[in-house]
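The values are calculated or read from the model by the stated rules, or taken from the named source; none is laboratory data. All values derive from a computational prediction rather than experimental measurement. Backbone-built Cβ (ideal geometry, glycine too); neighbour counts: all protein chains shown. SASA here: full protein model, heavy atoms, side chains in, ligands and nucleic acids out. Shrake-Rupley method; radii C 1.70, N 1.55, O 1.52, S 1.80 Å.
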Amino acid sequence: MKPTTLLSLLCLIFCLTACEDDDDFLPGNDDLPDNVTGLSYVKVDGGNLTTRYNNLITNLNNNANVGIVAQVDHQANAGMVNLELRPTRVVLFGNPRLGTPLMQANQQAGLDLPQKMLFYETEDGGTVVAYNNTDYLARRHGVDTVSTLATMAGALSMLASAGGTDSVTVNSVNVTRGQGIIVKQSAFDIDSTYDNLINALTANANLRIIAQLDHQANAGRVNLELRPTRLVVFGNPNLGTPLMQQEQSIGIDLPQKMLVYEDADGNTQVAYNDIDFLIDRHDFGGTPEQVATIKGALDMISTAITTR
């Protein structure tokens with residue numbers, strides 16, 4: 001597909017979505033993510049979200065082994081497109097000593113790395129702190145034998161629970177290897193495919209790149225080897241906000257991501273999350289028009305950047 005054709009189609013999709021009426025949506029109508037497979041969470045009654053969030057940022061900054069990749073204020077992003085959302089924030093952070101071994105076992109684990117922690121305000125004024133637990137990572141990517149999972153699990157629990165002060169609810173995991181991951185082989189090498197992706201995203205004013213992460217380079221910094229593996233995080237609040245208005249917990253899986261990697265055979269692959277899987281994971285129906293738009297846009301981008 002020619003770049004000009006891709007740009008025209010994407011502009012049409014995102015323009016039509018941005019013009020839709022949002023009167024049917026209510027800001028965050030569910031409190032606890034107790035049905036979200038693979039999610040662990042803490043509920044703080046009467047907790048101050050900003051204080052709790054800032055404490056996490058301080059703890060992360062004080063750990064020399066951890067790097068903050070991005071901070072996303074979903075509520076502020078919603079406001080930029082004249083939509084309402086209760087306070088909802090997510091921070092992306094990682095430790096390549098812990099994460100790289102997972103990607104050495106299965107590069108697609110890079111789609112769920114770095115780790116993320118979601119904060120959102122409930123209807124009763126409480127605060128939920130949530131993260132993808134390591135059992136979810138292990139089963140979704142078939143990396144259950146990797147030794148760093150236990151360390152990662154302990155660190156995430158301590159961070160979410162404010163050093164063990166609060167009780168962590170661990171949801172059960174009902175996911176199989178590769179579930180909800182769409183993979184397309186590219187006709188180009190990894191550098192060209194990655195450049196195609198960046199160009200496709202930056203060419204559309206409705207999309208914003210949140211973060212670019214070179215997992216291979218980060219592995220090298222801690223003297224670990226990894227085949228070329230790169231992640232791009234990007235979003236459009238016109239599309240994501242209505243989903244969070246219905247189920248705030250889906251903020252852990254937003255913004256969207258695409259993973260570009262070179263497999264063991266030297267082929268370039270592009271992987272991303274199937275929006276239908278995310279809707280099912282967070283146990284709500286979604287909005288058919290919004291879901292179809294997101295699904296179509298991701299398919300169009302991934303096809304265009306991988307096809308001659």
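Hey, what do the phi angles of the range 215-230 turn into as Karplus ³J(HN,Hα) couplings, whole Hz, using 6.51/-1.76/1.60 and θ = phi - 60°, x for Gly and Pro?
4, 5, 5, 5, 4, x, 5, 10, 6, 10, 9, 7, 5, x, 8, 10
Given H placed 1.01 Å from N in the peptide plane, which residues other than close sequence neighbours of Val173 have an amide H under 5 Å from its amide H?
Under 5 Å from the amide H of Val173 lie the amide H atoms of Gly38, each far enough along the sequence or on another chain.
Quick check: convex hull of the Cα atoms in the chain, volume per residue, rounded to a whole Å³? Write out the running numbers ahead of the final one.
Numbers: hull volume 35.9 nm³, N = 308.
In the chain, the Cα hull volume divided by residue count equals 117 Å³.
Name the residues whose placed amide hydrogens come within less than 5 Å of the amide hydrogen of Ala70, ignoring near sequence neighbours (fewer than 5 apart) on the same chain.
So Ala70 has HN proximity to Leu92.
Show me the helices of the chain, taken as full DSSP H stretches, that run 15 Å or more along their long axis by Cα and average -1.0 or above in Kyte-Doolittle hydropathy.
Answer set is 3-18, 49-61, 148-160, 190-202, 288-306.
If you roll a 1.4 angstrom probe over the protein chains with everything in place, what fraction of the accessible area of the range 121-172 belongs to carbon and sulfur, to the nearest %?
On the way: 1070 of 2180 Å².
The C+S portion of the solvent-accessible surface of the range 121-172 is 49 percent.
Just the accessible area per residue of the range 143-202, please: how many Å² with a 1.4 Å probe? Mind showing how you got there, number by number?
Details: 3090 Å² over 60 residues.
Ligands and nucleic acids excluded, the figure is 51 Å² per residue.
Along Cα→Cβ, 7 Å out, is where each label goes; now give me the distance between the ones at Thr151 and Asn35 in nm to one decimal.
3.8 nm
Average projected area of the Cα convex hull of the range 78-151, in nm²?
That works out to 6.4 nm².
Can you tell me, using C-alpha contacts under 8 Å and at least 6 residues apart, the relative contact order of the chain as a whole percent?
On the way: 578 pairs, mean separation 77.1, N = 308.
This gives 25 percent for the chain.
To check my understanding: the extent here is largest minus smallest coordinate of the Cα atoms along each principal axis. What are those three numbers for the range 190-296, in Å, largest first?
In descending order, the Cα extents are 43, 29, 24 Å.
Could you give me the radius of gyration and the Dmax of the range 74-213, taking only the C-alpha atoms into account and expressing both in angstrom?
17.6, 51
Can you tell me the accessible area per residue over the range 56-118, all protein chains present, probe 1.4 angstrom, in square angstrom?
Values: 2400 Å² over 63 residues.
I get 38 Å² per residue for the range 56-118.
Please give the net charge around Thr229, taking every other residue with its beta carbon less than 12 angstrom from that of Thr229, where Lys and Arg add +1 and Asp and Glu add -1. Write out the running numbers ahead of the final one.
Numbers: positive: Arg227, Arg230; negative: Asp214, Glu225, Glu262, Asp263.
It works out to a net charge of -2.
Looking at the chain as a GNM with Cα springs under 10 Å, which of Val260, Val222, Val91 has the largest mean-square fluctuation?
Answer for the Gaussian network model of the chain: Val222.
Give the ranking of Thr151, Thr229, Thr165, Thr303 by solvent-accessible surface, highest area first, calculated with a 1.4 Å probe. Mind showing how you got there, number by number?
Details: Thr151 85, Thr229 0, Thr165 105, Thr303 55 Å².
If we order Thr151, Thr229, Thr165, Thr303 from most to least accessible, we get Thr165, Thr151, Thr303, Thr229.
Give me the distance in nm between label points sitting 7 Å out from Cα along the Cα-to-Cβ direction at Glu84 and Ala203, one decimal.
3.8 nm
Output ³J(HN,Hα) for the range 254-264: one whole-Hz value per residue in order, computed from phi by the Karplus curve 6.51 cos²θ - 1.76 cosθ + 1.60 with θ = phi - 60°, and x for Gly and Pro.
10, x, 5, 9, 10, 9, 10, 8, 9, 7, 5
Rounded to whole Å, give me the distance from the Cα center of the range 184-204 to that of the range 127-167.
If you average the Cα positions of each part, the centres end up 32 Å apart.
So, for the range 208-286, what is the accessible surface per residue at a probe of 1.4 Å, expressed in square angstrom?
The answer is 32 Å² per residue.
Taking the Cα of Asn59, stepping 7 Å toward and past its beta carbon, and measuring to each backbone N in the range 80-107: which are under 20 Å?
Inside the label zone: 88-99.
Tell me, what % of the accessible area of the range 242-293 is carbon and sulfur with a 1.4 angstrom probe?
That fraction is 41 percent.
Give me the one-decimal nm value for the distance between modelled label points at Leu224 and Val170, 7 Å along each residue's Cα-to-Cβ direction.
So the two model labels end up 2.1 nm from each other.
Can you list the residues, at least 5 places off or on another chain, whose amide H is less than 5 Å from the amide H of Ile181, using H built in the peptide plane?
Asp274
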